[in-house]
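Working notes, beginning with the structure itself.
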Amino acid sequence: MFADLPVPAEDKILGIARQFRADPRANKMNLSVGVYADTHGETIILDTVKEAETRLLTRQTTKTYVGLAGDMDFNQAMKEIVFGAENADNDLIQGVQAPGGSGSLRLIAELIGRNRPNSRLWFSTPTWPNHEALVGVGELSINYYPYFDATHNAVDFEGMKAALQQLGPDDVVVLHGCCHNPTGVNLTQAQWDEVITIAQQTGFFPFVDLAYQGFGDDLDTDAYSTRKLAASVAEMAVAASCSKNFGIYRERVGCALVKAQTAEHAQVAFKQLQKIGRGLYSMPPDHGAAVVSIIWHDAELRQQWFAELSAITERILTLRQSLAQQLHAKLGHGRFDFLAEHRGMFSLTGLSSEQVNQLRDQHAIYMVGDGRMNIAGLQETRISELADAIAAVVG
């Protein structure tokens, strides 16, 4: 059975994490894997999460299954977080708890693939490396639309529009709702409005990956595209994650959300998502979703969570600005000024793979080979050190 199994290629990002752990240098810096670290370099547990976990352990009386759809209070919370309080009772929108944002992506992809196997998937160029593996199911063809203009470190909006205008009802467009991974470059609200108009005109199906809501500007601003789409198109899907904004990475908490043309259609999709989940992992986990539900449905905890999330977002923005300023000062030009304008955890720095290797070998600084940097993994006390190292490799 196993003698002839080929050795799979190592995941590029997780492989870097393995190399980092094995590096004995005391000054090593990990800016590769997408987790948030505080001023001490630790991935913290939010105070609200600790409090919710304490309450959960006190009141929980059973470890039985929560059901195929997961925690329904959690699903309601996610409906409000993603689509806004005004959609709390919108029966056109239904959600199913899933194991992380990744599980949500897979659930929705399976729903599309089983119902419309001739659909064409469209990803941005570039996109998260694991998108194709998670979403490319069955016979769905995989295609790419222009997104990033590396020369100007901005969105290639004209190229993106031209590609989307050629699509139709059989096309499923995967859109990063905010904090684009890996580029850090986002559409403006005016640009989102144009994309939504194209979706209305062509009938393509919007499939939003919302992994970083609240990590860009704030919870509501980061949801602008998703909420505007929901108000403008008949059907769409959203894969939402709680890993980042609640800081519960290892709990694998996500929600697969669909917006249908009628309440009846939404209910059928809701049932289909549960059936698909039954065949993939049987039942979703409970702990993390219950924590999110407790926080969201307690007014005091919710406000405290808003404050914690806001502090994280403001700190990431400050890290971006500080790094851009120091690089400008050390290099004497504005090549990296764009870092202050990008949003979310990541930015494509424009560093070559050779320069990334130099950073690793000569300075113990780890980034992804395409130059993606996790700004959220940076410590204030090491910004100058990082800027010196980048300046040294770019010359």
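Bear in mind that the values in this text are calculations on the coordinates, not laboratory data. All values derive from a computational prediction rather than experimental measurement. Note that each Cβ is placed from the backbone with ideal geometry, even for glycine, and that neighbours are counted across all protein chains shown.
Label zone of residue 283 (point 7 Å out along Cα→Cβ, amide N under 12 Å): in segment 36-78 this covers 62-71. About the centre of its Cα atoms, segment 77-141 shows a dipole size close to 280 debye [charges on the beta carbon of Lys, Arg (+1) and Asp, Glu (-1) only; nearest 20 debye]. Helix-only estimate, please: 222 nm mean residue ellipticity of the chain, summing -39500 (n - 2.57) across DSSP H runs of length 4 or more and dividing by its residues, to the nearest 500. The helix contribution divided over the chain gives -14000 deg cm²/dmol.
Could you pull out every residue, at least 5 positions away or on a different chain, whose amide H is within less than 5 Å of the one on residue 144? Hs are placed 1.01 Å off N in the peptide plane, and Pro or chain starts have none. Amide H neighbours of residue 144, under 5 Å, 5+ apart: 123.
With the simple spin-label model, which puts each label point 7 Å out from Cα in the Cβ direction, the residue 2 to residue 262 separation comes to 5.2 nm. Taking the DSSP bridge list for the chain and keeping only pairs wholly inside it, about 45 percent are antiparallel. At what distance in angstrom do the alpha carbon centres of segment 363-395 and segment 214-256 lie from each other? Each part reduced to its Cα centre gives a spacing of 29 Å. Scalar couplings 3J(HN,Hα) for segment 90-96, obtained by applying the Karplus form with A = 6.51, B = -1.76, C = 1.60 to θ = phi - 60°, are 6, 7, 7, 10, 9, x, 10 Hz; x denotes Gly and Pro. Normalising the average separation of contacting C-alpha pairs (under 8 angstrom, six or more residues apart) by the number of residues puts the relative contact order of segment 260-342 at 15 percent.
Can you tell me, using C-alpha contacts under 8 Å and at least 6 residues apart, the relative contact order of the chain as a whole percent?
On the way: 718 pairs, mean separation 96.9, N = 395.
That works out to 25 percent.
Angle of helix 72-83 to the longest C-alpha principal axis of the chain, folded into 0 to 90 degrees and rounded to 10: 60°. Cut-off 18 Å, label point 7 angstrom out along Cα-to-Cβ of residue 9: give me the residues of segment 135-156 whose amide nitrogen falls inside. Counting backbone N atoms under 18 Å from the label point, the list is 135-137, 142-144.
Distance from the alpha carbon centroid of segment 1-16 to that of segment 259-305 works out to 33 angstrom.
Ranking 334, 138, 248 by Cα position along the charge dipole of the chain, where only Lys, Arg, Asp and Glu carry charges on their C-beta atoms, puts 138 farthest toward the positive end. With respect to the chain, whose longest principal axis is taken over its alpha-carbon atoms, helix 100-115 is tilted by about 50°.
The stretch between residue 321 and residue 61, if pulled fully straight at 0.36 nm per residue, gains 88.8 nm over its current Cα-Cα span. Treating r as the C-beta distance of residue 120 and residue 297 and R0 as 41 Å, the FRET efficiency rounds to 0.55.
Nearest 5 percent is fine: what portion of the DSSP beta bridges confined to segment 104-165 is antiparallel? Let's see the in-between values first.
Numbers: 2 of 8 bridges.
That works out to approximately 25 percent antiparallel.
Remind me, relative contact order of segment 65-297 in percent, using alpha carbon pairs under 8 angstrom and six or more residues apart? Mind showing how you got there, number by number?
Details: 460 pairs, mean separation 71.3, N = 233.
RCO, segment 65-297: 31 percent.
Restricting attention to the chain, lysine pairs at least eight places apart or on different chains and with alpha-carbon atoms under 23 angstrom apart total 16. Projected label points at residue 193 and residue 357, each 7 Å from Cα along the beta carbon direction, are separated by 4.8 nanometres. 3J(HN,Hα) along segment 366-380: 10, 10, 6, x, 7, x, 6, 10, 8, 4, 6, x, 8, 9, 4 Hz, from the Karplus curve 6.51 cos²θ - 1.76 cosθ + 1.60 with θ = phi - 60°, whole Hz, x for Gly and Pro. Couplings for segment 202-213, taken from phi via the Karplus curve 6.51 cos²θ - 1.76 cosθ + 1.60 with θ = phi - 60°, read 8, x, 5, 8, x, 10, 8, 9, 10, 8, 10, 4 Hz in order; Gly and Pro are left as x. Candidates 393, 312, 376 compared by Cα position along the dipole of segment 294-395: farthest toward the positive end lies 393, with charges placed on Cβ.
Taken along the Cα-to-beta-carbon direction at a fixed 7 Å, the label points for residue 50 and residue 149 span 4.7 nm. Over all other residues within a Cβ to Cβ distance under 14 Å of residue 151, the charged ones net out to -2, with Lys and Arg as +1 and Asp and Glu as -1.
Against the chain, whose longest principal axis is taken from its Cα atoms, helix 383-394 shows a tilt of about 70°. By DSSP, the beta bridges lying fully in segment 65-297 are antiparallel in about 45 percent of cases.
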